[in-house]
Amino acid sequence: MAGVTVDGVTESRTDRGYAAGLDAADPLAGFRCRFADDGRGLIYLDGNSLGRLPLATAERIAQVVREEWGSGLIGSWDHWMGLPARVGDLLGEHLLGAAPGQVAVSDSTTVNLYKLACAALDARPGRRVIVTDDDNFPTDRYVFQAIAAQRGCELRMIHTDMDSGLDEATLRAAVDSDTAVVSLSHVAYRSAALADMAAITDLVHASGAVMLWDLCHSAGAVPVQLDACGADLAVGCTYKYLNAGPGAPAFLYVRRDLQDRLRQPIWGWMGQRNLFEMGPDYDPVPGIERFTTGTPQVVGVVAAREGARLLAEAGIGRLRDKGVRLTEYLIALADAWLLPLGCSLASPRDPARRGSHVTVHHPRARQLCQALAARGVITDYRAPDRVRYGPAPIYTRFTDVWDAIDTTRQLLETDHVPAERAS
Ligand SMILES: Cc1ncc(COP(=O)(O)O)c(C=O)c1O
């Protein structure tokens, strides 16, 4: 492995000092101390499941609870109303490439997928096919199965390789004049394979179908240009790279020119025109708020706002740049240390085709993950036989990556990874 000179000493990339040198030169290093740290020295590489707690968020939530709820009581709704769309604008501007008025924070990703897929189907009368892929996140596949069953539609499931990601030729062959909606993940949850949003959106539009993107593993990690790609619809969560906390509400995007033409299936009062008139019939507001449903989860929306502000300050360009460097470094160490010990890479090698995590295949991946956790290295297991390392560019250090792969190497070398017990 090539070396660099740090303080006059030439370090090999496999030396911990090399990683320390990268940390010392990291323009985002100062953000790490803005996250809660309980002093246990955890190597946390699971920010793509649940991001760390930003200190500002803890303070802001305490203030919302104590002052806005505790003291302001019902009067606080004066400024809480409209918060989902205002925070949506913040996400749109800094992370999603969406002009104002097209993003709202609302419900869960699962519920948003349901709302937008149904709205898209209704917008394409006469077409009865939903297309997705068999490597898509389970909730996406289940939601589309449910919609197909409820409406008597066809769910066309294309095959995607678990490691290399979507094959555009396979998708092209599956989309036709009967296709109403195509829905795919921009970054694959298991391998981090990154789809070409512009090319796929064009391909889907050429058939007259509506494209619905899942951005759960992209938002805050990979620059997204929804408007520039001509995207129709998108959903994503805020508890991963956006660090908004467990169960924080998701976001949804509906391109402006589609908003008044689409009608979602959950007719809640928060999407209603003049809602406090309590009118007899549903009459949705114009604009993005018609895609919201019931009372917003204010504390979660506030947490999403704080998370978005922090990422905006770091800048999505710098976050992506560091994400590429962290994952390149992780792969280099895995090549040097883990591949000779029975692992193989289960993510694309080309950084332009990869999101911000790296997945490694090992026949005893579940036990490896547990053994890593017992040594303070938090990754996650993904069926059937993969360990997912998820560095979050805003707070993960290069030394964390080094420590995680070094610990993995030690466990495999000393055979501290038990074999699967027969059940
Ligand atoms: C790609 C993807 N889509 C959807 C979801 C599910 O979202 P939710 O549980 O917020 O509905 C997840 C959760 O991890 C995910 O990774």
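Helix 365-374 and the long axis of the chain differ in direction by around 80°, with both axes built from C-alpha atoms. Model label sites at D167 and D350, defined 7 Å from Cα along the beta-carbon direction, differ in position by 1.5 nm.
Computed from backbone phi with θ = phi - 60° and the Karplus coefficients 6.51, -1.76 and 1.60, the 3J(HN,Hα) list for the stretch 90-103 is 4, 4, x, 5, 8, 10, 10, x, 10, 5, x, x, 10, 10 Hz; x is used for glycine and proline. Under 5 Å from the amide H of R354 lie the amide H atoms of L194, each residue being 5 or more positions distant or on a separate chain, with H modelled from the backbone and absent for Pro and chain starts. Scanning residues 5 or more positions from D133 or on other chains, those with amide H under 5 Å from its amide H are I158, with H placed 1.01 Å from N in the peptide plane. Taking every C-alpha pair closer than 8 Å and separated by at least 6 residues, the mean separation divided by the residue count of the chain gives a relative contact order of 21 percent. Listed values for the stretch 235-245 are Karplus-derived 3J(HN,Hα) couplings in whole Hz (6.51 cos²θ - 1.76 cosθ + 1.60, θ = phi - 60°), namely 9, x, 9, 10, 8, 8, 5, 7, 6, 8, x, and x replaces Gly and Pro.
Per-residue Karplus couplings for the stretch 37-53, computed as 6.51 cos²θ - 1.76 cosθ + 1.60 with θ equal to phi - 60°, are listed in order as 9, 8, x, 7, x, 4, 9, 9, 10, 9, x, 8, 10, 9, x, 5, 8 Hz, Gly and Pro entered as x. Taking all protein chains into account, the per residue accessible area for the chain stands at 40 Å² (1.4 Å probe). For the chain, the antiparallel share of DSSP beta bridges with both residues in that region comes to about 55%.
Between P391, P296, P280, the GNM of the chain built on Cα springs shorter than 10 angstrom shows P280 fluctuating the most.
Probe radius 1.4 Å, ligands and nucleic acids left out: which of E328, E313 has the largest accessible area, and how do the rest follow? Let's see the in-between values first.
Numbers: E328 70, E313 100 Å².
Reading off the accessible areas and sorting them downward yields E313, E328.
Taking amide H atoms as placed 1.01 Å from N in the peptide plane, the amide H of V210 lies under 5 Å from those of V181, V182, each 5 or more residues away in sequence or on another chain. Measuring r between the beta carbons of I74 and A332 and using R0 = 56 Å, the FRET efficiency lands at 0.50. Per-atom-type breakdown for the chain gives carbon and sulfur 53% of the accessible area (1.4 Å probe, protein chains only). May I ask for the distance between the Cα centers of the stretch 218-288 and the stretch 363-423, given as a whole number of Å? About 36 Å separates the Cα centre of the stretch 218-288 from the one of the stretch 363-423. Exposure check, 1.4 Å probe, all protein chains in place: E67 carries approximately 90 Å² of accessible surface.
Taking A169, A98, A404 as the candidate residues, the one with maximal mean-square fluctuation in a Gaussian network model of the chain, Cα springs under 10 Å, is A169.
The values are calculated or read from the model by the stated rules, or taken from the named source; none is laboratory data. What you see is a predicted model; the values in this text were computed from it and never measured. We place every Cβ from the backbone using ideal geometry, glycine too, and count neighbours over all the protein chains shown. With ligands, DNA and RNA removed, areas are computed over all heavy atoms of the protein, side chains included. Shrake-Rupley method; radii C 1.70, N 1.55, O 1.52, S 1.80 Å.
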